[in-house]
Amino acid sequence: MASSPHPDRFPAHIAIIMDGNGRWAKARHKPRLFGHQEGVRTVRRIVESASEMGVKCLTLYSFSTENWSRPKAEISALFGLLRRYVSDDLATLDKRGVRVRILGSRKGLGDDMLDLLDRVEETTKSNTNFSLNIAFNYGGRDEIIRATQAFAADVQSGKRTIDTLDEAGFEAYLDTHDLPVPDLVIRTSGEHRVSNFLLWQAAYAEFVFSDVLWPDYNAQDLQEAIDIYRGRDRRFGNLKTAEVA
């Protein structure tokens, strides 16, 4: 039986693995691109709903380092959808005070995409109402390797020494160095795995797995996930007070 919601507990940072676009399209005898297009519409709905609900930070898993193995036509289409989302929504997001950040490696991206990502971050960098983070060309293992390489380079150059490294120091090298860790991680489409997403940051996050395919995900589904989160006891490795007693 689920616990009653804690009135003072609310997830400041929600991260979502957006899954199910392809299956949603297949069920309707449509090409995968059709599912991805509908998925972008869902992004718009969920970004707005999360902000209205009081969430301060939302991270969306858009394109993983493993997605490069997909057909070139699908990759091109996914990149095209990101370009369209930015061109159609950037002014609105900026007006609403949304800061957009792109998490992930810039390796392998063309100059036009790099310019686009830089423009998004530069345009919204001063906004403080809501933080929207797009994990694009992102992989948790890749992020940890890049952070380790950056730390090693600083050691080599004399900026750091090995014995000064602790968790907080390592986090300073991650893509999310100036973001709060996620309180709640949601995955749609009925899959129950993290798929290389925020491996370091989600160490003590609560996970909610939804059977809803991403294009069908809505504000009610998000609210249900938040309610589940609020009903859980977050102990971070400690015992409940009653258990200690």
Could you tell me what a quarter of the Cα convex hull surface of the stretch 109-203 works out to, in nm² with one decimal place?
8.5 nm²
Distance in nm between pseudo-label sites at Ile145 and Glu191 (7 Å out along the Cβ direction from Cα)
2.0 nm
q = 0.09, 0.13 Å⁻¹, the stretch 1-141: log10 I(q)/I(0) [Debye, one scatterer per Cα]:
-0.30, -0.62
Counted neighbours (other Cβ, 10 Å), sorted fewest up, put Ile226, Ile162 in the order Ile162, Ile226
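In which sequence would Phe207, Phe197 go, from the one with the fewest C-beta neighbours within 10 Å to the one with the most?
Working: Phe207 18, Phe197 22.
Final ranking by Cβ density, sparse to dense: Phe207, Phe197.
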Distance check, please: which entries in Lys56/Lys125; Lys26/Lys107; Lys125/Lys159; Lys95/Lys125; Lys56/Lys95; Lys30/Lys72 exceed 21 angstrom between their Cα atoms?
Lys26/Lys107; Lys125/Lys159
With a 10 Å cut-off between alpha carbons and a GNM built on the chain, which of Ser64, Ser76, Ser157 moves the most?
Ser157
Please report, to two decimal places, log10 I(q)/I(0) for the stretch 36-115 at q = 0.16, 0.20 Å⁻¹ as given by the Debye formula with identical point scatterers on the Cα atoms and no solvent.
-0.70, -1.07
Point-charge dipole on Cβ atoms (K/R +1, D/E -1) for the chain, about Cα centre, debye to 20
580 debye
Rg/Rh of the stretch 159-237 (Cα atoms, Kirkwood Rh), to two decimals, equals 1.08
Gaussian network model of the chain, Cα springs within a sub-10 Å range: biggest mean-square fluctuation belongs to which of Leu165, Leu33, Leu222?
Leu165
How large, in Å, is the stretch 50-90 by the Kirkwood hydrodynamic radius built from its alpha-carbon pairs?
12.2 Å
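Here, each number is a calculation from the coordinates, and none is a lab measurement. The structure presented is a predicted model; accordingly, all values stated were derived computationally and were not measured. All Cβ positions, even for glycine, are placed from backbone atoms using ideal geometry, and neighbour counts span all protein chains on display.
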